[in-house]
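Everything below concerns the one structure shown next.
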Amino acid sequence: MQKILVAGAGKSSPWLVKYLLQHAKPKSASWEITIADGNSEATQRLANNHPNARAVTFDINSERERQQLVREADLVISLMPPSLHILLAKDCLLFKKHLITSSYISPEMKELDAAARKEGLMFMCEMGLDPGIDHMTANQIIHSIQRVIGELKSFSSYCGGLVAPENDNNPWHYKFSWNPKNIIDAGKAGASYLKDGEKIEVSYEDMFRKNDIVHVEGLGNLAWYPNRDSLKYLETYEVPDANSFLRATLRHPEFCLGWEAIIRLGATDESMGPDAGANTYKDWMSGLTKYSDQSISLAEHATNFSGVKPREKVLKMLEWLGIFSDKVLPENRSSHAVILLQLLQEKWAMQPDDKDMVVMQHEVHYLHRGQRSKLISTMIVKGENSEYTAMAKTVGLPMGILARHIMKQSIKPIPGVHLPGMPAIYRPILTELAHYDIQFTEKLV
């Protein structure tokens, strides 16, 4: 019996595990899926007493526990936090196992490229949604343009995890469908992209300030902010001569307004905590904004302090969060960011029957036989509920499909540390994703 180790049982795992268990008894082989996490309740729920599933509680930082699981597996899929992938990767090298993750290739992971090639192992990273489906579909488009000897002039890729319109019932137009901590960290490292031949660098403080807009047919206008370092993908996508190149995250315009205010209030700071005497959210905000003028309310003062306009809209959004209330702060007050995260997890929680939505759109300008064309390629996926989300589906299924192909030997593993930009990977993956309604509509304008 072949064995697949799924390390991690968080928000991105339900569709992945469901897919693997659905294919656990093909005619040609039988699989055992080991679901390992520090949360025993989560692993048991995913295993659901399936005869081909094994739920294991383990400590990822325990070398003995971790290596035992990797040693027993034929293939490892890591859904662990990005910083922990490297632990499993080194074990995979030791025990000669292929590895799949959905996270960005870290410098530490990249350093394993030569060793993975030497051992004939494939470490496929960035195999989720964004990064993942974006790479596969972007390369599919770019390669098709190159085949007809077209000249790519501009490439923009936008992606966002949003709440479905029918469950959009808060002024932020946002609910959590993935790791909440990623929201707190979004943009902290700054970002860079290429516009009309000029390198644009954006600091964290300015990340949400511009509130640029992109139109998505059927949804209207959404705001975007640049996603990390877009420039490094010019070489990866083999479009070094592109005049403009952007990878960006989608949100509703109101979200960007409110989040800029949150940043300016200092509420995402992980280096400092509240004043010693702060006991309520009101105390916390009073200290952060140095509130002393009793002639106006704390909410008005904080909104003015942030400097974000329109003030009335921002004030209502901040008030809705409850950051000016007399409610007692949580026990963990180690930093401003920790306090904020715990509050957001409560306020932005999906209800059991809520649906999320994933939106991805590529906009490509190119020349073909001297004629300028613009291609818009759009994907909109809705979730089923708060567990089987669109986010879990679009992150988990690409990894699951690749794992199945490797186990069946219908995709030959490519040694080294990679992202999925090669036709041998993206063609079969995108073909099968379409069977799960993860597909794009294209429009020439």
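The values are calculated or read from the model by the stated rules, or taken from the named source; none is laboratory data. Bear in mind the structure is a predicted one, so any value in this text is a computation, not a measurement. Quick reminder, even Gly has a Cβ in these numbers, built from the backbone with ideal geometry, and neighbours come from all protein chains shown.
Restricting attention to the range 391-418, the residues that are part of a loop (DSSP other than H, G, I, E, B) and either touching a Ser or Thr at 6+ places or on another chain (Cβ under 7 Å) or among the hydroxyl-bearing types (Ser, Thr, Tyr) (or both) add up to 1. One residue alone among Leu375, Leu419 is under 17 Å from Asn139 (Cα atoms), touching a helix residue (DSSP H, G or I) at 6+ places or on another chain (Cβ under 6 Å) and touching a residue at least 24 places away in the same chain (Cβ under 8 Å), and that residue is Leu419.
Could you look through the range 235-276, keep only residues that are among the β-branched types (Val, Ile, Thr) and modelled with pLDDT under 95, and pick out the one that is surrounded by the fewest Cβ atoms within 10 Å (Cβ to Cβ)? Across the range 235-276, the extreme among qualifying residues is Thr236. Output the residues belonging to the range 320-373 that are outside any strand (DSSP E or B), in contact with a strand residue (DSSP E or B) (Cβ under 8 Å, 6 or more places away or on another chain) and among the hydroxyl-bearing types (Ser, Thr, Tyr). Matches in the range 320-373: Ser325 only. Suppose we filter Thr303, Thr268, Thr236 for residues that are more than 29 Å from the chain's Cα centre (by Cα) and of a type in the set (Val, Ile, Thr); which single one remains? Result: Thr303 is the single residue among Thr303, Thr268, Thr236 that is more than 29 Å from the chain's Cα centre (by Cα) and of a type in the set (Val, Ile, Thr). Residues that are in contact with a Ser or Thr (Cβ under 8 Å, 6 or more places away or on another chain) and of a type in the set (A, V, I, L, M) were ranked within the range 180-212; the one that is surrounded by the most Cβ atoms within 10 Å (Cβ to Cβ) is Ala191.
Checked against the criterion of being assigned to a strand (DSSP E or B), more than 19 Å from the chain's Cα centre (by Cα) and basic (Lys, Arg), the range 135-147 contains not a single residue that satisfies it. The set of residues in the range 67-88 being surrounded by 24 or more Cβ atoms within 10 Å (Cβ to Cβ) and either touching a His at 6+ places or on another chain (Cβ under 8 Å) or assigned by TED's automatic domain parsing to the domain that holds Asp229 (or both) consists of Val76, Ser78. Screening the candidates Lys175, Lys210 for the property of being at pLDDT below 95, outside any strand (DSSP E or B) and either out of contact with any helix residue (DSSP H, G or I) (no Cβ under 7 Å at 6 or more places or on another chain) or of a type in the set (D, E, K, R) (or both) yields one hit, Lys210. Residues in the range 191-207 that are assigned to a loop (DSSP other than H, G, I, E, B) and of a type in the set (A, V, I, L, M): Met207 alone. Exactly one condition in (1) at pLDDT 95 or above; (2) surrounded by 16 or more Cβ atoms within 10 Å (Cβ to Cβ); (3) not hydroxyl-bearing (Ser, Thr, Tyr) is not met by Arg64; state its number. In the conditions (1) at pLDDT 95 or above; (2) surrounded by 16 or more Cβ atoms within 10 Å (Cβ to Cβ); (3) not hydroxyl-bearing (Ser, Thr, Tyr), Arg64 misses (2) alone.
Tallying residues that are closer than 23 Å to Glu319 by Cα and without any contact (Cβ under 8 Å) to a residue 60 or more places away in the chain within the range 183-205 yields 2. Would you check if Ile100 is touching a residue at least 12 places away in the same chain (Cβ under 8 Å), under 30 Å from Lys3 (Cβ atoms), in contact with a strand residue (DSSP E or B) (Cβ under 9 Å, 6 or more places away or on another chain) and buried (at least 17 other Cβ atoms within 10 Å of the Cβ)? So Ile100 passes the test. Looking only at residues that are of a type outside the set (A, V, I, L, M), touching a Leu at 6+ places or on another chain (Cβ under 6 Å) and in contact (Cβ under 8 Å) with a residue 24 or more places away in the chain in the range 229-277, which one is nearest to Val328 (Cα to Cα)? Out of the qualifying residues, it is Gly266.
For the range 89-109, the condition of being at pLDDT 95 or above, assigned to a loop (DSSP other than H, G, I, E, B), outside the structural domain of Trp178 (by TED's automatic domain parsing) and among the aliphatic types (A, V, I, L, M) holds for at least one residue.
For the range 213-234, residues that are part of a strand (DSSP E or B) and either surrounded by fewer than 15 Cβ atoms within 10 Å (Cβ to Cβ) or out of contact with any His (no Cβ under 9 Å at 6 or more places or on another chain) (or both) total 10.
When Phe123, Phe155 are checked against the criterion of being under 17 Å from Tyr237 (Cβ atoms), touching a residue at least 40 places away in the same chain (Cβ under 8 Å), surrounded by 24 or more Cβ atoms within 10 Å (Cβ to Cβ) and of a type outside the set (S, T, N, Q), a single residue qualifies: Phe155. Can we say Glu260 is charged (D, E, K, R), at negative phi and assigned to a helix (DSSP H, G or I)? For Glu260, the condition - charged (D, E, K, R), at negative phi and assigned to a helix (DSSP H, G or I) - is met.
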